[in-house]
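J.: Sharing a structure below in structure tokens format, with a few things to ask.
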């Protein structure tokens, strides 16, 4: 299972700037921040703000702000190839990198099942890469 979004915007920020919901995150170095259209209304727990990571181009990028209802901000300074439209994995695998249930639990302080059961109710589900031998019989 994966929870996936896309980068909606990327902006450069000089050291000392504030970003995010309530402008709560102060930037200590020049950086690039990306806005991701996913938030607590999508079941991404607010307890993950400032503690979780997501995957961009197979690299871990930290969630840096207080989560908003419909968006979060990540630091993509260490992913210079990141651009608008790129896939962002909030849970699951991207290439050889993996965000596991244990990672969500450690960052949120609660069981991951609370998150991924909310994701199943709140987000569009797409079945991919299902081998023919694993599909339900028809008729």
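J.: Just for segment 32-60: of the residues that are surrounded by fewer than 17 Cβ atoms within 10 Å (Cβ to Cβ), in contact (Cβ under 8 Å) with a residue 24 or more places away in the chain and closer than 15 Å to residue 71 by Cβ, which one is farthest from the chain's Cα centre (by Cα)?
T.: 41
J.: Now a separate question. Go through the residues of segment 21-29 one by one and say whether even a single one is touching a strand residue (DSSP E or B) at 6+ places or on another chain (Cβ under 7 Å), surrounded by fewer than 16 Cβ atoms within 10 Å (Cβ to Cβ), modelled with pLDDT of 90 or more and over 16 Å from residue 104 (Cα atoms).
T.: For segment 21-29, residues touching a strand residue (DSSP E or B) at 6+ places or on another chain (Cβ under 7 Å), surrounded by fewer than 16 Cβ atoms within 10 Å (Cβ to Cβ), modelled with pLDDT of 90 or more and over 16 Å from residue 104 (Cα atoms): absent.
J.: Can you work out which of the residues in segment 74-89 that are crowded, with 24+ Cβ neighbours inside 10 Å and within 10 Å of the chain's Cα centre (by Cα) is nearest to residue 3 (Cα to Cα)?
T.: That would be 88.
J.: Something else about it: In segment 7-22, which residue that is assigned to a loop (DSSP other than H, G, I, E, B) and within 20 Å of residue 54 (Cα to Cα) is nearest to the chain's Cα centre (by Cα)?
T.: Filtering first and then ranking leaves 7.
J.: Any residue that is without any contact (Cβ under 8 Å) to a residue 24 or more places away in the chain, in a helix (DSSP H, G or I) and out of contact with any helix residue (DSSP H, G or I) (no Cβ under 6 Å at 6 or more places or on another chain) - is there at least one of those in segment 23-31?
T.: Yes; the residues of segment 23-31 include at least one that is without any contact (Cβ under 8 Å) to a residue 24 or more places away in the chain, in a helix (DSSP H, G or I) and out of contact with any helix residue (DSSP H, G or I) (no Cβ under 6 Å at 6 or more places or on another chain).
The values are calculated or read from the model by the stated rules, or taken from the named source; none is laboratory data. On a predicted model such as this, the values are computed, not experimentally measured, just so you know. We place every Cβ from the backbone using ideal geometry, glycine too, and count neighbours over all the protein chains shown.
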